[in-house]
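Visitor: Below is the structure I would like to discuss, written out as structure tokens.
The values are calculated or read from the model by the stated rules, or taken from the named source; none is laboratory data. Please read these numbers as outputs of a predicted model, since none were measured by experiment. Cβ atoms come from the backbone with ideal geometry, glycine included; neighbour counts cover every protein chain shown. Accessible surface is based on the protein model in full, side chains and every heavy atom, while ligands, DNA and RNA are left aside. Shrake-Rupley method; radii C 1.70, N 1.55, O 1.52, S 1.80 Å.
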Amino acid sequence: MLSDVDVRSLRRQERLSAWARWPIYIFLFFSLRLYYGYRFEDMEAFRLSLWKKLDKHQGPIIWAANHLTLIDSFLIFWALVPPSKLSRTKIIPWSTPEYRNYYHLGGPIYKRFIRFLMYACRCIPFLRGGDDEVSIQWRENVYQKCRWILLNGGSVFIFPVAGRSKNGWFDPHRPKDLLGRLAQEVPGVKFLCVYLRGEGQIFRTVYPRRRERFRMVGDLIDGLLPGETNPRMTSQRLFNRLAELQNDWFAGSGLAKNCAGNDVIDLASPHARDIFPPDGDPETIEEVYSRRLTAKETAYLSEFSGEARYRIFWKFIAAKEAAMKALAQSGVMSNFKDLEADLFRRRIVHLPTACEMDIALTVDDAEKVHAICVLRGGYIGDDDHPGDVLWEVRQVPDGAAPSEFARESCLNFIAASSDDIRTPDVLAMTDDGGIPKVLRNGRVCDWGVSLSHSGRFAAYSFMVS
Amino acid sequence: MAFKRREAPTVEAVDLNTISPKDTETRIIQGVKKYATNEGNWSRADANTPFLGSIIGMGIESSNLADVTMSIERQFLTRKTNRVPVNGGSEFRLEDGELGKLRILDGQDATAATPGLSVKMLMDLGHMPKDEGYLSGVVSYAYIVAVGDGYRMNDGLKKAVEKVQRLSGAEREEAFMNLKTLIAKAREYVSLLGDIKALAENRRKTYENDRQTVDNLRQELSMIGEKLKGATASGDSGQVATLRSEETSIRSRLKMGEQRYKISEQVVRESAGRKAVEEAKVREISTILSQTITDAQRVA
């Protein structure tokens with residue numbers, strides 16, 4: 001429960017922000033439109049479609065959106081709210097920015113200015129990290145404030161995944177319960193779901209690039225449906241709806257949605273043993289590491305020796321190669337040292353952008369290792385879910401050219417995996433700047449195709465999401 | 001009984017200032033033999049044969065690219081051996097000193113995609129004297145990529161033609177649609193190769209991505225700077241330490257991003273001009289591709 005002091009403080013902030021809405025709107029216009037040169041595609045149609053639904057709902061609203069930059073909430077607010085709707089002050093959302101990100105910026109004057117701006121923009125500072133009593137109490141207090149605002153017919157803006165997405169992809173497989181919990185406690189609340197992204201936004205950034213062109217899709221959905229008895233059910237439905245909107249967004253985009261890669265390493269190939277002799281002298285091993293591994297990976301490998309070290313080294317390489325291919329599909333070129341793999345957590349980080357991707361070692365036997373990596377487009381899979389990447393590793397027949405075999409086998413595999421592709425002959429392999437693409441009916445399919453070969457083996461993968 | 005292991009043959013390293021660029025190129029090609037999987041292309045390899053790819057390249061796998069660099073390091077000696085620390089950290093640059101082992105630093109080999117470009121890299125880094133005569137015969141990285149794309153396209157088009165010829169009925173129709181797309185794409189590519197300005201513009205996509213990465217990292221850095229100011233003013237030493245380590249990590253990411261940005265900038269710059277050798281390569285692939293387009297149109 002909120003104390004009287006908290007309630008009075010919220011009311012005071014609400015009054016001030018209602019008064020300040022016009023100056024802030026003008027400030028937003030000047031900074032976003034004129035200074036940064038941002039443009040929104042089909043903004044009128046977007047506003048019209050959502051306001052038709054919003055005008056019918058006078059109750060509380062939870063704004064929920066994907067999160068890629070630090071100014072997403074401003075962008076979404078501007079994309080959705082025309083000046084004529086500013087009089088409906090209850091719909092201007094309250095936000096919960098991370099306290100450490102905004103409330104200690106710069107020197108004393110700058111800090112005060114930012115704090116005042118945040119206050120006027122209806123911000124309630126939130127503290128994400130920390131398991132101490134103060135931090136937990138802080139979070140609970142913010143939750144109670146949000147609940148109070150909603151119960152009083154207001155709106156709150158909460159990013160369902162909390163921080164900015166680490167790979168630029170909204171993943172519905174890891175729902176968080178906060179919004180479900182709020183919806184369960186506030187009768188009549190609705191979720192305003194928005195997916196907004198710039199056409200040049202590949203990963204998370206501080207701000208979108210200048211002169212960015214944004215497109216957005218949105219929907220207003222029920223906060224609680226009959227039969228939803230726990231927060232997770234509600235959250236999962238919200239996450240699924242945002243994922244659908246994400247698919248709609250990518251359907252109209254020039255960016256490839258499905259970006260995945262795979263790589264196979266033949267552990268018995270003379271090349272592999274020559275590059276990394278399992279019993280090689282420390283100087284040779286160090287040289288091999290220094291070209292391909294980061295300091296953290298090298299430290300991890302130093303705990304192993306002989307054959308075990310040999311296998312783990314190649315697992316790193318397979319994971320990194322798979323990640324390079326996944327990144328290349330999004331237009332980002334990289335090399336071994338740009339990537340840092342964590343084989344235990346099954347994550348790989350592209351260091352220049354801090355983009356974090358999922359990896360999976362799908363084949364790990366005496367003869368070979370095979371890895372897949374997903375940047376975006378679907379789920380990599382786990383013990384319970386098969387995931388959205390289909391892959392196969394095959395032995396290259398004697399005399400066949402491995403790259404040719406991989407290409408042909410990949411088309412056969414795609415056809416065999418599909419109900420409506422009768423024969424692989426109706427598919428053709430082409431490439432776009434070195435990235436393999438499959439043509440069907442004359443159109444490039446966004447399947448995130450990836451090819452690999454090493455020694456006796458060829459591997460290929462594609463995405464079915 | 002103890003056996004003596006046979007000793008690996010030692011490569012006799014040569015001072016880069018005592019051999020010609022052509023000899024350097026030959027040694028580089030010989031050195032990568034064990035990584036090559038396309039014997040025919042490797043045995044015919046010259047300054048402009050790509051290490052990667054099997055159509056015109058030597059068929060070296062991408063995981064072996066680092067070994068190509070290491071093979072180059074093993075074969076040559078240089079006077080650039082004096083490590084001079086940069087920015088007071090662990091980074092260093094190499095300056096003239098005693099004759100010693102060649103060392104190619106991280107990222108310096110990023111565009112060494114052919115033996116000729118590897119020699120150019122050695123010249124650019126000051127390990128051997130510049131030889132304009134030799135360099136005039138080396139195709140730039142940008143054009144190696146552009147010409148390679150053309151050969152892959154040609155290969156794909158030929159395969160699509162074979163498929164259409166072999167199929168009948170509805171399947172032929174579907175394969176035919178693919179062929180039409182590939183013909184259009186190939187035609188577009190031939191005209192792109194013919195237009196230097198358009199080609200440079202086409203290569204800007206990666207450049208723009210890399211520029212955005214660098215811009216973003218600079219923004220992150222400035223944001224951390226502001227947070228540091230705030231944390232220092234409020235005397236929160238724990239937060240200051242966390243922010244300092246975050247700042248270090250962003251600085252190293254920025255360095256990597258800048259390296260990549262430099263390469264993509266170089267690609268755009270190189271695409272905007274054309275040497276005689278590049279013109280010849282472009283003409284060669286354009287002719288091949290045009291011929292395949294004509295054959296494909298006949299089938300279509």
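Visitor: If the cut-off is a Cα-Cα distance under 16 Å, which lysines reach B:LYS163, setting aside same-chain residues fewer than 8 apart in sequence?
Guide: Correct list for B:LYS163: B:LYS180.
Visitor: Let me ask you something else. Output the pairs from A:LYS257/A:LYS315; A:LYS315/A:LYS337; B:LYS80/B:LYS255; B:LYS101/B:LYS275; B:LYS101/B:LYS130; A:LYS437/B:LYS262 with a Cα-Cα distance over 24 Å in this structure; if there are none, say none.
Guide: Long pairs (Cα-Cα over 24 Å): A:LYS257/A:LYS315; B:LYS101/B:LYS275; A:LYS437/B:LYS262.
Visitor: Given a cut-off of under 8 Å on Cα pairs at least six residues apart, what relative contact order in percent is computed for segment A:262-360?
Guide: 26
Visitor: Still on this structure: Report the local net charge at B:LEU102: Lys and Arg +1, Asp and Glu -1, summed over other residues whose C-beta lies under 9 Å from its C-beta.
Guide: Once all neighbours under 9 Å are counted, the net charge is +3.
Visitor: Could you tell me the accessible area of A:LEU196 in Å² (1.4 Å probe, neighbours in place), rounded to the nearest ten?
Guide: Rounded to the nearest 10, that gives 10 Å².
Visitor: Hey, another quick one. Once a ≥ b ≥ c are taken as the square roots of the eigenvalues of the Cα gyration tensor of segment B:185-248, is the result rounded (a/c under 1.5), prolate (a/b larger than b/c) or oblate (a/b not larger than b/c)?
Guide: prolate
Visitor: Could you put B:SER43, A:SER417 in order of accessible surface area, largest first, with the 1.4 Å probe and the full protein assembly present?
Guide: Ranked from most to least accessible, the order is B:SER43, A:SER417.
Visitor: Hey, in the GNM for chain B with a 10 angstrom Cα cutoff, which one of B:VAL214, B:VAL268, B:VAL240 fluctuates hardest?
Guide: Checking each option, the largest mean-square fluctuation is seen for B:VAL240.
Visitor: A further question on this structure: Report the charge-dipole magnitude of the protein assembly as shown in Debye, nearest 20, computed about the Cα centre from +1 at each Lys and Arg Cβ and -1 at each Asp and Glu Cβ.
Guide: Dipole size: approximately 2960 debye.
Visitor: As a test question: what accessible area, to the nearest 10 Å², does B:THR49 have when a 1.4 Å probe is rolled over all protein chains in place?
Guide: Around 20 Å² of this residue is reachable by solvent.
Visitor: Let me ask something additional. Return one whole number: the accessible area per residue of the protein assembly as shown in Å², for a 1.4 Å probe.
Guide: 45
Visitor: Buried accessible area between A and B (1.4 Å probe, both chains summed, ligands and nucleic acids excluded), in Å² to the nearest 100?
Guide: 5100
Visitor: Moving on. Using 0.36 nm per residue of separation minus the Cα-Cα distance, give me the extension gain between A:ALA251 and A:ARG210 in nm, one decimal.
Guide: Difference between extended and current length: 12.4 nm.
Visitor: For the protein assembly as shown, build the charge dipole from Cβ charges (+1 Lys, Arg; -1 Asp, Glu) around the Cα centre, then report which of A:VAL288, A:LEU28, B:LEU125 sits farthest towards its positive end.
Guide: A:LEU28
Visitor: Further question: Compute a Gaussian network model of chain B, connecting alpha carbons closer than 10 Å, and tell me which residue from B:ALA146, B:ALA175, B:ALA160 fluctuates the most.
Guide: In this elastic network of chain B, the residue with the biggest mean-square fluctuation among B:ALA146, B:ALA175, B:ALA160 is B:ALA175.
Visitor: Do any trypsin sites (Lys or Arg not before Pro) in segment A:301-355 lie in a loop, going by DSSP, with at most 10 other beta-carbon atoms within 10 Å of their beta carbon, and if so which?
Guide: Listed in order of number, the matching sites are A:ARG345.
Visitor: Something else about it: Would you please give the FRET efficiency between A:GLU41 and A:HIS173, computed as 1/(1 + (r/R0)^6) with r the Cβ-Cβ distance and R0 = 35 Å, to the nearest 0.05?
Guide: 0.75
Visitor: Using a basic spin-label model with each label point 7 Å from the Cα along Cα→Cβ, how many nm lie between A:SER305 and A:ALA18?
Guide: The modelled label-to-label distance comes out at 7.5 nm.
Visitor: On to the next question. Treating only the Cβ of Lys, Arg, Asp and Glu as charged (+1, +1, -1, -1), what charge dipole size does segment A:72-157 show about its Cα centre? Round to the nearest 20 debye.
Guide: 440
Visitor: Between A:SER84 and A:ARG273, what length in nm is gained on full extension when 0.36 nm per residue of separation is reduced by their alpha carbon distance?
Guide: 61.0 nm
Visitor: Residues of segment A:269-304 losing 30 Å² or more of accessible surface, assembly versus chain alone, probe 1.4 Å, please list them.
Guide: Buried by 30 Å² or more upon assembly, which counts only protein chains, are A:HIS271, A:ASP274, A:ILE275, A:GLU287, A:ARG291, A:ARG292.
Visitor: Around A:SER465, with a cut-off of 11 angstrom between Cβ atoms, what is the net charge of the other residues, counting Lys and Arg +1 and Asp and Glu -1?
Guide: 0
Visitor: Further, regarding this structure: Once ligands and nucleic acids are excluded and a 1.4 Å probe is used, how much of B:LYS130 is accessible, expressed in Å² to the nearest 10?
Guide: Its accessible surface works out to 120 Å², give or take rounding.
Visitor: Something else about it: For chain B, which DSSP H helices look membrane-span-like by this rule: Cα extent along the axis of 27 Å or more and mean Kyte-Doolittle of at least -1.0?
Guide: Those that pass (Cα extent of 27 Å or more, hydropathy at least -1.0) are B:141-166, B:169-194, B:237-271, B:276-299.
Visitor: Let me ask something else. Summing Lys, Arg as +1 and Asp, Glu as -1, what charge do residues with Cβ under 12 Å from the Cβ of A:HIS173 carry, A:HIS173 excluded?
Guide: Once all neighbours under 12 Å are counted, the net charge is -3.
Visitor: GNM on chain B, C-alpha springs below 10 Å: top fluctuator among B:PRO50, B:PRO129, B:PRO21?
Guide: Judging by the Gaussian network model, the answer is B:PRO129.
Visitor: Continuing with the same structure: Using θ = phi - 60° and the Karplus form 6.51 cos²θ - 1.76 cosθ + 1.60, what ³J(HN,Hα) does each residue of segment A:123-132 get, whole Hz, x for Gly and Pro?
Guide: Coupling constants for segment A:123-132: 9, 10, x, 10, 10, 6, x, x, 10, 6 Hz.
Visitor: Full-extension gain between A:ALA416 and A:THR229, please, as 0.36 nm times their residue separation minus the C-alpha to C-alpha distance.
Guide: Length gained between A:ALA416 and A:THR229: 63.2 nm.
Visitor: By how many degrees, between 0 and 90 and to the nearest 10, does the Cα long axis of helix A:306-329 differ from the longest principal axis of chain A?
Guide: 60
Visitor: Next question, about the same structure. Please work out whether chain B counts as rounded, prolate or oblate from its C-alpha gyration tensor, where a ≥ b ≥ c are the square roots of the eigenvalues and a/c under 1.5 means rounded, while otherwise a/b larger than b/c means prolate and anything else oblate?
Guide: Because a/c hits 1.5 or more and a/b fails to exceed b/c, chain B counts as oblate.
Visitor: Run the quick spin-label model on A:ARG33 and B:LEU105: label points 7 Å from Cα toward the beta carbon, then report their separation in nm to one decimal.
Guide: 4.9
Visitor: Turning to a different aspect of this structure: Measuring from label point to label point, each 7 Å out along Cα→Cβ, what is the B:SER43 to B:LYS22 span in nm?
Guide: Here the modelled spin labels are 2.2 nm apart.
Visitor: While we're looking at this one, here's another question. Quick one: with all protein chains in place, what share of the accessible area of the protein assembly as shown is carbon or sulfur, to the nearest percent (1.4 Å probe)?
Guide: 53
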